[in-house]
Each structure stands twice: as structure tokens, then as C-alpha cells.
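Working notes for the structure below.
The values are calculated or read from the model by the stated rules, or taken from the named source; none is laboratory data. Computed from a prediction, not measured in an experiment: that's the story for all the values here. Glycine also receives a Cβ, built like all others from the backbone with ideal geometry; neighbour counts cover every protein chain displayed.
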Amino acid sequence: MSQERFEELVGEALDEVPVELMSLLNNVVFLVEDAPADGGDDLLGLYEGTALTERGWDYAGALPDRITIYRLPTLKFCESEEDVVDEVAITVVHEIAHHFGIDDQRLHELGWG
């Protein structure tokens, strides 16, 4: 799958997130990269930043948090374009949840792991 098509799927997944939830995101950017810098091939997405639940009075002026969705590990994990659509949607929601302070254990309990 091309980079362009994968980016379209990430955009479509973001469009499916309820507007009410997206409006609560604060100082965060979404990125698509081929793979993690460390070359890992099992990481589908990554949240880097300070969760909303951990931000204090000294947060002002911070660089944006980053949510990165990785194309090559996702394609390796999936067998069809339909699988990619589903996995990208799950990964986007999973990483947004980290922005709201929800950890991996709780996400697994909720079925978003």
C-alpha cells in the first residue's frame, strides 16, 4: 500500500472520531511514518507527550504532543486493505486515549489494546 493511500486511511480514521472528542484534544499533531526510528516492526502507533491528566501550571509553551501511526508495521500485521482500515482506526483511538491519560492496561480491558 502506498504512503498516500495509508495517509488517506489515517485521515478517514480521524474523521470517524466524534467531533466532541476531537475538540478536547489539546496541542497535539498526527503524523504518519514508515516505521519507528528504532526499526521496531511491531509498534503500530506511538503517543509522545504529556497526557492531559498530567499537565500542570507549567505546561504552557510546550511543543505539541505527537501521535504517530506507523505504516510498515501495520501493513506487516494486516492481510488485506480491510484489515488495514480496521487496524488504523483502532490504533488512532488507542493513541488518542493515551493523550487523555488512559494507559495500555485499561485500553486492553476496554478492548482497544
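Restricting 71, 55, 66 to residues that are more than 15 Å from residue 6 (Cβ to Cβ) and modelled with pLDDT of 90 or more narrows the list to 66. Residues that are touching a Pro at 6+ places or on another chain (Cβ under 8 Å), in a loop (DSSP other than H, G, I, E, B) and modelled with pLDDT of 85 or more within the range 33-52 comprise 35, 36, 42, 43, 44, 49, listed in sequence order. Do we find that residue 92 is of a type in the set (A, V, I, L, M, F, W, C), in a helix (DSSP H, G or I), surrounded by fewer than 17 Cβ atoms within 10 Å (Cβ to Cβ) and in contact with an Asp or Glu (Cβ under 9 Å, 6 or more places away or on another chain) in this structure? In short, no. Residue check: residue 85 meets all listed conditions (1) touching a helix residue (DSSP H, G or I) at 6+ places or on another chain (Cβ under 8 Å); (2) loosely packed, with under 12 Cβ neighbours inside 10 Å but one, namely (2). Among all residues of the range 48-63, there is none that is touching a Leu at 6+ places or on another chain (Cβ under 8 Å), of a type in the set (Val, Ile, Thr) and surrounded by 12 or more Cβ atoms within 10 Å (Cβ to Cβ). Exactly one residue among 25, 63 is touching a His at 6+ places or on another chain (Cβ under 8 Å) and either assigned to a loop (DSSP other than H, G, I, E, B) or free of Cβ contacts under 8 Å to residues at least 40 places away in the same chain (or both), and that residue is 25. A single member of 40, 101 is at positive phi and either surrounded by 11 or more Cβ atoms within 10 Å (Cβ to Cβ) or in contact (Cβ under 8 Å) with a residue 12 or more places away in the chain (or both), and it is 101.
From the list 30, 6, the one residue that fits, being over 22 Å from residue 111 (Cα atoms), among the aromatic types (Phe, Trp, Tyr) and in a helix (DSSP H, G or I), is 6.
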